């Protein structure tokens, strides 16, 4: 995984995917870090949860340093599927973070442990079920609408969680950097007194739209080299 990927915010990664025509795979809204400000980036270590912690322990045996455990708990809101002991074990196994399509518990302990954990939120009850395990339990996981595997990277911050194909990471990274440079320069100029409307030649865009109603602001931005919406 490109090391610099960890320093880019997820909105930049999302915009880069759009710019490149890559699939935009975002975890459902509301999956956020237990501790605000924490970030995570690494190869997906997928696992499906069936009611028992044993599947996590088995996954850790195959973890490479820096992997991120992505837990498919079907987005359930009737149980917390991971707590302090499993997160401690994840840290010992070299896992760099945990993303849960579901809920967590033992929040004060997770804060103390410090390993980034992303979930829908906290919930006291743990599982009381034990469902049959599927053959692909350690090969793929779903997070909302998206199926992920070890061929994917996962990135998360305060704006949410994204998945990117590892084979496309370098291209996404380069594009995200370019967007970041453009946006930072635009922000600097706004602070210096040059409005965003002036920078984007908004009057020119309005004139172009009046002449051609199909002319979009995105087309205009691409023509002048702005970022903003991508």
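The values are calculated or read from the model by the stated rules, or taken from the named source; none is laboratory data. The shown structure was predicted, so the numbers you read here are calculated from the model rather than taken from an experiment. Don't worry about glycine lacking a Cβ; one is built from the backbone with ideal geometry, like all the others, and counts go over all protein chains shown.
Selection of the stretch 68-107 for residues being without any contact (Cβ under 8 Å) to a residue 40 or more places away in the chain, part of a loop (DSSP other than H, G, I, E, B) and more than 17 Å from residue 131 (Cβ to Cβ) yields 93, 94, 105, 106. Pairs are defined by a Cβ separation below 8 Å, a sequence spacing of at least 6 or placement on different chains, a first member in the stretch 1-19 that is modelled with pLDDT under 90, and a second member that is surrounded by fewer than 15 Cβ atoms within 10 Å (Cβ to Cβ); the pairs so defined are 2/170. Just one of the listed residues (157, 152) is out of contact with any strand residue (DSSP E or B) (no Cβ under 6 Å at 6 or more places or on another chain), at pLDDT 95 or above, surrounded by 16 or more Cβ atoms within 10 Å (Cβ to Cβ) and on the phi < 0 side of the Ramachandran plot, namely 157. Every condition in (1) outside the structural domain of residue 55 (by TED's automatic domain parsing); (2) buried (at least 16 other Cβ atoms within 10 Å of the Cβ) holds for residue 138 except the one numbered (1). Per the listing 78, 109, the residue uniquely closer than 23 Å to residue 157 by Cα, at pLDDT 95 or above and assigned by TED's automatic domain parsing to the domain that holds residue 39 is 109. In the stretch 113-230, counting only helices (runs of 4 or more DSSP H) that sit wholly within it, the ones holding 3 or more residues that are within 20 Å of residue 68 (Cβ to Cβ) span 169-191.
The set of residues in the stretch 29-60 that are touching a residue at least 24 places away in the same chain (Cβ under 8 Å) and out of contact with any strand residue (DSSP E or B) (no Cβ under 7 Å at 6 or more places or on another chain) comprises 30, 35, 36, 37, 38, 50, 51, 52, 53, 57, 58, 60.
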